[in-house]
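Here is the structure we will look at.
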Amino acid sequence: MTSSTTINKGESPGSDKFASNVLHQEILGSRRFSNYLWGTIVSLGATGFLLSGISSYLKINLLPFSNPTQLIFVPQGLVMGLYGSAGLLLALYLWLVILWDVGGGYNDFNRESGVVKIFRWGFPGKNRRIEIDFPTEDVQSVRVNIKEGLNPRRALYLRAKGRRDIPLTRVGQPLSLKELEIQGAELARFLGVPLEGL
């Protein structure tokens, strides 16, 4: 699931019915199942390669399921050790990205206060918190970007006055066309702007 939407209800002036005033969308960042899966696979594989390289050097079996002491250290054990070290660095990167939840955040559209707030977590540093605030009157349209092929891209963008298009959906696995259309239509209806690109 890419995002969850919460609509807070409030009584709108001049209306008998309750109307939604706030649309809040949680955006899933790096803490998705696929990243946990790849982090685990890379960690286990890299540890196996590194232990094989160390076993071939020390001539002591450090792996319970094979006997790498039979490997000649130069070049086989050395190469396995290098692959293991590189794999552990990649695994460390994956686990840190998951820990920092890079790309996670929320989109908050508040008609009551007239403010749109887009928030994302980035990499540690001075730009760790990425926040964009602007008035709802500046929103011109919701744009759907669909690109098919080997590297498909399906995303929603917010077009606002004086700004570049602001991405609203997560990076990574593309949304299904149905989900993209539903989210885009819901947001365009909520903000009272046209939906472009479909």
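The values are calculated or read from the model by the stated rules, or taken from the named source; none is laboratory data. Values in this document were obtained by computation on a predicted structure and should not be read as measured data. No Cβ is skipped: glycine too gets one built from the backbone with ideal geometry, and neighbour counts run over all protein chains shown.
Can you spot a residue in region 87-95 that is over 21 Å from the mean Cα position of the chain (by Cα) and touching a residue at least 24 places away in the same chain (Cβ under 8 Å)? Looking through region 87-95, at least one residue is over 21 Å from the mean Cα position of the chain (by Cα) and touching a residue at least 24 places away in the same chain (Cβ under 8 Å). Checking each residue in region 50-69 for being surrounded by fewer than 20 Cβ atoms within 10 Å (Cβ to Cβ), at pLDDT 90 or above and not in a loop (DSSP other than H, G, I, E, B) picks out 51, 54, 57, 58.
Within region 140-167, restricting attention to residues that are of a type outside the set (Ser, Thr, Tyr) and in contact with a Gly (Cβ under 9 Å, 6 or more places away or on another chain), the residue that is farthest from residue 186 (Cα to Cα) is 146.
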